Structures are given as C-alpha cells and as structure tokens.
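Input: a single structure, listed below in structure tokens.
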C-alpha cells in the first residue's frame, strides 16, 4: 500500500456546459492545468506525496469528484481556480462552490484550500462565501508548504482562514513573497500526474478540424505583465505588474519532454505576453527552429510589442497563431481603458505583417466600454470585418473581480452579476456592464449579433475554406447554428 497523499490538487469539472452552453461540447478547449502541475512538482521536490485529479478532463461530476477524493483520502485538498485566461476564472467559482459543498457533505472535516486568480483577487469574500477552510492570496507555493509543514497559521504567508464558522473572525497574513528564480525554484512540472491524452486545443488552433486538436499541452515561460489594462485582473495573482521568466533552456527542456514523452503536437504558451522581451523569446524560437518539431503553437502578443522583423522566426519555430487584444475600433477608447495608443494604421500594418509571415491571427474585441455608443461598437465590428482574422473573439465589457474596472464599478454603483456565472461571456446568465449610453441588454445583443454576423460572413467563410479546407468551413457553419440563450434578453 502506497504512502498517504499529502496534498491533492483538483481541477474542477462540470462547468463547461454552463460557461459555454452548447458550444462547450465540441468547440471549447480542454487545457492541462499547468499551475496545478507546477505546484505539484514544487511540493513533490520537498518530499511530500502529491496527486492531481483533473475532473474537467476526466469529465467527472462534482459528486463523482467528491467520492474520488474520499477514496484517495488526501491530508489536504487544493482546488486551483484557474481558467484559460484571468477573465474566465470567476465563472468557475460556481462549480468550485458546489464541489466544496459536495466534499464537506461527505466528510465535514476534510481540509480544503482555494488558490488561483479569483481567490487572490477577493480573498475575504471567498473565505466568507465558500465551504472551504483556507484561501490563498498570491502564487501559493509558500502558503501550501506552510500548511503541509503544520506551522501556526499566523506564520504562514498568504493565508486566509476563519476562526469561527459564523465569519465573525476572519484572519489573514501578509501575501507571500513571489518566487524570483523560477528556473531553480520551480524547475519541475508534474506532467506525469496529468491525463495527457485527454487534452484538446481550441477549435481554431486545430484549423477547425476535430481530428487535429489532440496531443495538446500548455506551458508558461514567464509570469506577469507590466501593462495596466483597466479590465484585466491578471496582476491579482502576483501582487505586482512585473515580469519574471524561466530561462530559455528550461523552456526548451520542458518542450522536449512534452514532445518526446507525451507526443505533443499542439502547444499553447500561456504567458500573459510572450512577445514582451526579445532576449527571452528569441533563444526559445532559435531552439525550436533547430529542433524542427513542427509544432502548432499559439501565444499572446500586443500590437505595440510585436516586432515585425521577428515574425518569420516565429513562424519557422511553429507559432502558427498569435492572439492579440485589439478591444476597440476607437483609439480614444483604447486610451481610456489603458490598452494602448496605437493607431488604426499601426493595427492594420502589424496584422498584415503577421499574415505575410504565414501567421494566423486570433483577434479579441470588446463591446460596452464606459463611453461606448452603438456607433462606437459598430466601429469596432467594422474593424474586425476589415482585418478578417481567421479567429475572432467578441466580448462584452465585464468588471472582473480584482480588475481596476471592478473597483470602479463598485465605487460608482454599477450593476454587477448576481452570481459568478454571470461573468461568463457565453453563459445564459451573462450580465455585462451598461455604458453611459447603452444598456447592458443592448451591449449583449450587439455582441451576439457581431459573433453571428462575423462567422456567417461569406468573405470569412471563403478565407477559412482557402486556408483550412471545406470541412473547416462546414465546422464554422455548424457552430453558427448554435444560438446562445440569454436570460437578460428574455430567453
């Protein structure tokens, strides 16, 4: 009989259908929980027995997950609240809350800690509302170690707990220091604890071909982002707006492992901004070119950090996709939300340079900024039609917990979602912000119109067919037949 599991990292399941409605069945990605695997590697190196239960990939219900946890019988459960982007974390809290209740109903004494973006953003509210024992504010590595060592709570950094169940005595310590030398202190990733055969890319990364979406992994090469976009809550996990990188050799070694041991062909670089520092990314590109793995990779960039002279290297290294936040068709609006002051001509020049290099674009747009009128939203959509990226995401403006926009919304008394699923862009309960001129329901209505009009546009469909083939076109045509239901719109 093996040694008792000291800590079990949980990736919750049963939320995909609520977050994406019917689109979650086939079009959404199933991404490996890198932060869980990273923390598991860190804790295992300290001599503890660790495990990971990816209920999302295993398609387990909350009840099944709770029973599985009981069978494993870990000393501590860590539910990691971590989405594919910071903005996708809060909707997960409905599933996290239900899972906590299921676990506690089976075994009230089972100890649970919540870590990740959402708990770090609003730790006091989280510890009060959820059936958990602890909440971590910050990256979590030192906090988890302190709990496993059995130290006094007051000496464990980044820890929130309640001394009485009635929430009358909430205690917490100061945020833990961030790990600075990532390559030395966070050197191991517990890929071996993940069901690596169950992950799949987003439909667009696979060229809208379901058969090309497997053999998928995701990896950070650095933590953090120096920019201050009003709607973004990424910094809440780190407590600052700095960037720390693993060294390129570490990154390439991890990719070697993924390719040679797990047969990975599709890869996501999860970094908030991979293209920030050429001294970091150029050695990685050169190493990938030398290896010639012929991977299909995507990563985040910005219009104002994309070096056009490096795009051919990105393509040769396997970066077939770059995702960029354009957000608005109005330069004034981009300045207001602190996205950047780049011009329309700059956007078009960079996008055309990507396409000339053979790199496809995943563009992101947002409707419903504070000063948006319907004409402004139409201007944004017109820009999307002009650029005609092979993949485009259309969002309604949301005040995600921890973002500057969230605190502005609270200060000004703006209506926020009544439940966490209201922060999910494609959910039935989606509740975007109103603007000064456009009510929330019209923002949402415009967003849904823009999505449908974009993906049924003959110019786009013809481009998709030329690029990926007729089956890809059919896949998009099937996707647009799925109509999202919206509570706000009376469905």
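What follows is calculated from the coordinates using simple rules that are stated; it is not laboratory data. Values in this document were obtained by computation on a predicted structure and should not be read as measured data. Don't worry about glycine lacking a Cβ; one is built from the backbone with ideal geometry, like all the others, and counts go over all protein chains shown.
Observations on the model:
- In this simple spin-label approximation, residue 352 and residue 471 carry label points 7 Å from Cα along the Cα→Cβ vector, and these lie 3.5 nm apart.
- Between the beta carbons of residue 261 and residue 72, assuming R0 = 25 Å, the FRET efficiency works out to 0.55 to the nearest 0.05.
- Label separation (residue 180 vs residue 46): 2.0 nm, computed from points 7 Å beyond Cα along the C-beta direction.
- Ellipsoid semi-axes in whole angstrom, largest first, where each is sqrt(5λ) of the Cα gyration tensor of region 302-358: 24, 10, 9
- Only helices enter the 222 nm calculation for the chain: every DSSP H run of n ≥ 4 contributes -39,500 (n - 2.57), and dividing by all residues gives -11000 deg cm²/dmol, rounded to 500.
- Gain in span if fully extended, residue 437 to residue 209, counting 0.36 nm per residue against the direct Cα distance: 78.0 nm
- Zone of residue 228's modelled label, taken as backbone nitrogen in region 327-355 under 18 Å from a point 7 Å along Cα→Cβ: 332-342
- Share of alpha-carbon pairs per 5 Å distance bin for region 7-172, given as whole %: 1, 9, 19, 23, 22, 15, 7, 2, 1, 0
- Gap separating the Cα centres of region 349-399 and region 273-329, nearest whole Å: 19 Å
- Between residue 106 and residue 154, the FRET efficiency estimated from the beta carbon spacing at R0 = 41 angstrom works out to 0.85.
- Extent of the chain along its three principal axes (Cα atoms, max minus min coordinate, largest first): 60, 54, 38 Å.
- Distance-filtered residues of region 474-491 - backbone nitrogen under 18 Å, label point 7 angstrom along residue 449 Cα→Cβ: 483-491
- D by Stokes-Einstein for region 268-324, Kirkwood Rh over Cα pairs, 10 °C, 1.306 mPa s: 142 µm²/s.
- D by Stokes-Einstein for region 333-491, Kirkwood Rh over Cα pairs, 10 °C, 1.306 mPa s: 94 µm²/s.
- Span from the region 139-207 Cα centroid across to the region 402-461 one, whole angstrom: 30 Å
- Kirkwood-based Rg to Rh ratio, region 171-286, C-alpha trace: 1.00
- In terms of packing, defined here as the mean over residues of other Cβ atoms within 10 angstrom, the peptides 468-475, 441-448 line up highest first as 441-448, 468-475.
- Taking region 118-155 and a reference point 7 angstrom along Cα→Cβ of residue 163, the backbone N atoms nearer than 17 Å belong to 128, 134-135, 152-155.
- Summarising the label geometry, the points placed 7 Å from Cα in the beta-carbon direction at residue 345 and residue 373 lie 2.6 nm from one another.
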